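The values are calculated or read from the model by the stated rules, or taken from the named source; none is laboratory data. Note that the structure is predicted; figures quoted are calculated from it, not measured. Here the Cβ positions follow ideal geometry from the backbone for every residue, glycine too, while neighbour counts run over all protein chains shown.
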Amino acid sequence: MMAITAELAASCMRPRALTRSLYSRPLNRWIFQEQRPFSQLQVASFSTKQPDNDLVRLSKLISQHSSNMSISRRETERMIRAGEVTVAGEQITAPHFLLSLKDSKSAIKIGGKLVGIKENASETTRTKVWLVHKLPGEVVTENDPQGRPSLLDQLRRGGVGNKADHLNAIGRLDMSTEGLILVTNDGQYKRELELPANLVHRVYRVRVHGKLTPYKLKALRAGMKIEEIRYRGMKVELEANRRQSSTNNWIRLTCVEGKNRQIRKVLNHLGLNVTRLIRISYGDYDLNTIPPGMALEVPVKVLSAQKKQGKLKPRKEAPPKKSKNDDEESARPVTWIKAF
């Protein structure tokens, strides 16, 4: 009896750490358990009714709360799956791996380099949105291997945001396109506005060189398939100062998706050369009179409250008639002139 009591007392005096269990019940959130390495911890189920706010996904922790690295969520997930990330010396290949903010401040490494975690990482960051008038020739990317001028780098040097804000561009534009770019510090808000299923309207002013025939306008509104890629129909509006005989015209296009170089590919497929492309609105955010190269912070507009989203209403119009100027008109037989 004395031996059992002595053994029980010795077991109670063993050093144990007060840690938070991943599977503990909401009423018993704190339990005593032996401290284990990160490799033995299991990921918490996402069906928990009251999730632990102190636990964060590894990919989100690196992309949003790192103090010495600026890496996007997509790039972070790629690096984790490639086995470049270690936690407490253990290789992690699951981007959804959960760990606490306190235990991760000196435990995460990427390629052997320690990832610093912000002191206020546990605090909720306020979502911010900036309207930026992009200049032609700027690249919208995090890291450009060719060393071309980056829009995000210039914004950081210009004082947009602070050190705690990770800037994300919503809806990228190619190097030659100018106009409105939305920049935010919230990756989830960026994803909501870019998701094709949400059908957020993007409006562009386009200067084209070539004949704008009724058949080409109808094709733009109906949509088309180019190189096995399907492009949805767009809303087309002609500028008021358009001349019937002019080959340089301004048109306004509204689309609900953001495929790579979509506007240029569709118009080039119809024989129209794009000489200038400007985005003037994205959802309920408008470019208005923001000067080129300037950024303006504006209030956040919740996606559910935005009006410029949803399917584009088809335009009711009579079927186009063939004209002499249509490119699709069949060629007339050649009439030879008799020599005198």
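Can you find, within the stretch 228-237, the residue that is surrounded by the fewest Cβ atoms within 10 Å (Cβ to Cβ) among those that are within 16 Å of Asn260 (Cα to Cα) and in contact (Cβ under 8 Å) with a residue 24 or more places away in the chain?
Ile229
Within the stretch 267-280, can you find the residues that are in contact (Cβ under 8 Å) with a residue 12 or more places away in the chain and either surrounded by fewer than 18 Cβ atoms within 10 Å (Cβ to Cβ) or more than 22 Å from the chain's Cα centre (by Cα) (or both)?
Those that are in contact (Cβ under 8 Å) with a residue 12 or more places away in the chain and either surrounded by fewer than 18 Cβ atoms within 10 Å (Cβ to Cβ) or more than 22 Å from the chain's Cα centre (by Cα) (or both): Leu267, His269, Leu270, Gly271, Leu272, Asn273, Val274, Thr275, Arg276, Ile280.
Please verify whether Lys225 is part of a loop (DSSP other than H, G, I, E, B) and surrounded by fewer than 21 Cβ atoms within 10 Å (Cβ to Cβ), treating the condition exactly as stated.
So Lys225 fails the test.
Output the qualifying pairs, or none if there are none: Cβ atoms under 7 angstrom, residues six or more apart or on different chains, first residue in the stretch 164-186 and modelled with pLDDT under 90, second residue assigned to a strand (DSSP E or B) and of a type in the set (Lys, Arg).
Gly171/Arg202
What residue, among those in the stretch 115-144 that are aliphatic (A, V, I, L, M) and modelled with pLDDT of 80 or more, is surrounded by the fewest Cβ atoms within 10 Å (Cβ to Cβ)?
Residue satisfying both the conditions and the ranking: Leu135.
Which pairs turn up if I take residues in the stretch 253-266 that are over 14 Å from Leu220 (Cβ atoms) and in contact (Cβ under 8 Å) with a residue 12 or more places away in the chain and look for partners that are acidic (Asp, Glu) and outside any loop (DSSP other than H, G, I, E, B) with beta carbon separation below 7 Å, at least 6 apart in sequence or on another chain?
Once the first residue is over 14 Å from Leu220 (Cβ atoms) and in contact (Cβ under 8 Å) with a residue 12 or more places away in the chain and sits in the stretch 253-266, its partners that are acidic (Asp, Glu) and outside any loop (DSSP other than H, G, I, E, B) give Gly258/Glu194.
Being touching a residue at least 60 places away in the same chain (Cβ under 8 Å), surrounded by fewer than 20 Cβ atoms within 10 Å (Cβ to Cβ) and more than 24 Å from Gly159 (Cα to Cα) is the filter here; which residues of the stretch 282-294 pass it?
Selection gives nothing.
Cβ-Cβ under 8 Å, sequence separation 6+ or interchain: first residue in the stretch 197-222 and touching a residue at least 24 places away in the same chain (Cβ under 8 Å), partner among the small types (Gly, Ala, Ser) and not in a loop (DSSP other than H, G, I, E, B). Which pairs?
His201/Ser281; Arg202/Ser281; Val203/Ser281; Tyr204/Gly179; Arg205/Gly179
(1) over 23 Å from the mean Cα position of the chain (by Cα); (2) modelled with pLDDT under 80: which one isn't true of Thr86, the others all being true?
Here Thr86 clears every test but (2).
Confirm whether Asp153 is touching a residue at least 40 places away in the same chain (Cβ under 8 Å) and under 19 Å from the mean Cα position of the chain (by Cα).
Values: touching a residue at least 40 places away in the same chain (Cβ under 8 Å): no; under 19 Å from the mean Cα position of the chain (by Cα): yes.
In short, no.
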